[in-house]
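Presented below is the structure to which this report refers.
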Amino acid sequence: MTGQETPPVGGEPDRRWTISDVHGRGSSPQKGLATVHSMLLQAADGSEFRLGRIDTSDGVEYKAEIVAVAEPRRFDCCPICLAPDPSSDEHVPPKAVGGSIMTSTCQRCNNRFGSVLERALVDWWEDAVGSVSLSHEDVRGVRKTSRVLMRQKDSGEFVLFLDGGAIDPEIMQSMMTQPNFAMTYSPPDARRYRLAALKSAYLGACLLIKSIPETPEAVAIRAELMEVRDLPPRTRPNASALCDRLSITKSQGPAVPGEIALVRTNPSDGGVPEFAISLSRTLMVSWPIGGYLVSVDDKGNAIGTVQL
Ligand SMILES: [Zn+2]
């Protein structure tokens, strides 16, 4: 990677860009967008390009039909650890990926999962990398900076975009004369973001069936989430066979906050339809809790549970 690939670094006038038409969280009325979803950049010489999310479409038509939608619901106990009288508002999925308050969990579950798992889910969903350090041959040591968003120009080239941070002045100065620098970063931890997606899908399933399920799968999910919740800080969760079985996909928004839906996905190759949970239309996770399925009235509202 070279310095020329990093657009709005400021500094010399001829490298300054004007940013306009910004869409993203906090700068757009549309809910459930990444921190920077798209923007237009214009150079002093009038040349311009649009910066957007990475194009991940693989050309495959993917049809999902909504079978039932969930209503917000508060259970008598925390749906994750079963402690009585949960009192903390719980976003399903996390707010930063377009979720809204759908249920309550206990304070401990509510706090701990955010710090342990959900940050990784947000980074994965936003195409962000963290623990970013820059180094340059003319500067001693490495310099930490903010997380970096991976984005794509409308011409297809990839661009790394600092999320709010600044490049260390010494590195910046050296880059002006010698644009080669090195960057190290950590991609989002798949173990963590898949567990976060499992947690949201499990809560979505509880809402869809209007109860806390007792299937062997649900019992195993709760045991695994509890174990992760109680890990010492900064301890990496073990690989999860439960998570490895799940299909977890993302879309780039905008979100439909509050829409937790059971969907039937119809493979274009004519294979067997599968059931999945769509979370605010930003995440889709295969049905995680086994042998229950909601039944649906003629208006499409979920009305109860059916043992498969
Ligand atoms: Zn709990």
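Readers should treat all values here as calculations from the given coordinates under stated rules, not as data from a laboratory. Small disclaimer: the values here were computed from a predicted structure and weren't measured. When we count neighbours, we look across all protein chains shown, and the Cβ atoms used for this are built from the backbone with ideal geometry, even at glycine.
Per-structure values
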| read-out | value |
| --- | --- |
| Given Lys250/Lys299; Lys144/Lys250; Lys95/Lys250; Lys95/Lys299; Lys31/Lys210; Lys95/Lys210, the pairs whose alpha carbons are separated by over 20 Å | Lys250/Lys299; Lys144/Lys250; Lys95/Lys299; Lys31/Lys210; Lys95/Lys210 |
| Range in the chain, longest, excluding exposed trypsin sites (Lys or Arg not before Pro) [loop by DSSP; at most 10 other beta-carbon atoms within 10 Å] | 1-139 |
| Interchain or long-range residues, amide H under 5 Å from Thr35's placed H | Arg25 |
| Point-charge dipole on Cβ atoms (K/R +1, D/E -1) for the stretch 114-255, about Cα centre, debye to 20 | 340 debye |
| Sites Asp154 and Ser211, calculated FRET efficiency, Cβ-Cβ separation with R0 35 Å, nearest 0.05 | 0.15 |
| Most mobile of Gln30, Gln178, Gln152 in a GNM of the chain (Cα contacts under 10 Å) | Gln178 |
| Extension gain, Ile66 back to Ser87 (0.36 nm per residue minus Cα-Cα distance, nm) | 4.5 nm |
| Residue among Thr56, Val132, Pro72 farthest towards the positive dipole end of the chain, charges placed on Cβ | Pro72 |
| Distance in nm between pseudo-label sites at Gln107 and Ser27 (7 Å out along the Cβ direction from Cα) | 3.8 nm |
| For Glu274, residues with placed amide H under 5 Å, excluding near neighbours | Thr265 |
| Filtered chymotrypsin sites (Phe, Trp or Tyr not before Pro), the stretch 18-97: DSSP coil and at most 15 other beta carbons within 10 Å | Tyr62 |
| Contour excess over end-to-end distance, with Cα ends at Ser115 and Gln42 and 0.36 nm allotted per residue | 22.5 nm |
| Spin-label pair Arg236/Cys77, simplified geometry with 7 Å Cα→Cβ offset, distance in nm | 3.4 nm |
| Relative contact order of the chain, pairs being alpha-carbon contacts under 8 Å that are 6 or more residues apart, as % | 22 percent |
| Selected from Val219, Ala166, Gly156, residue furthest toward positive end of dipole (the stretch 143-231; charges at beta carbon) | Val219 |
| Most mobile of Val142, Val122, Val67 in a GNM of the chain (Cα contacts under 10 Å) | Val142 |
| The chain, dipole about Cα centre (Lys/Arg Cβ +1, Asp/Glu Cβ -1), debye to the nearest 20 | 740 debye |
| The stretch 149-248, relative contact order in percent, only Cα pairs under 8 angstrom and at least six apart counted | 23 percent |
| Fluctuation leader among Ala239, Ala276, Ala196 - the chain, Gaussian network, Cα springs under 10 angstrom | Ala239 |
| Under the span-like rule (Cα at least 18 Å along the axis, Kyte-Doolittle mean at least -1.0), DSSP H helices of the chain | 190-209, 216-229 |
| Dipole of the stretch 72-121, positive direction: furthest Cα of Thr103, Pro84, Val116, with charges on the beta-carbon | Val116 |
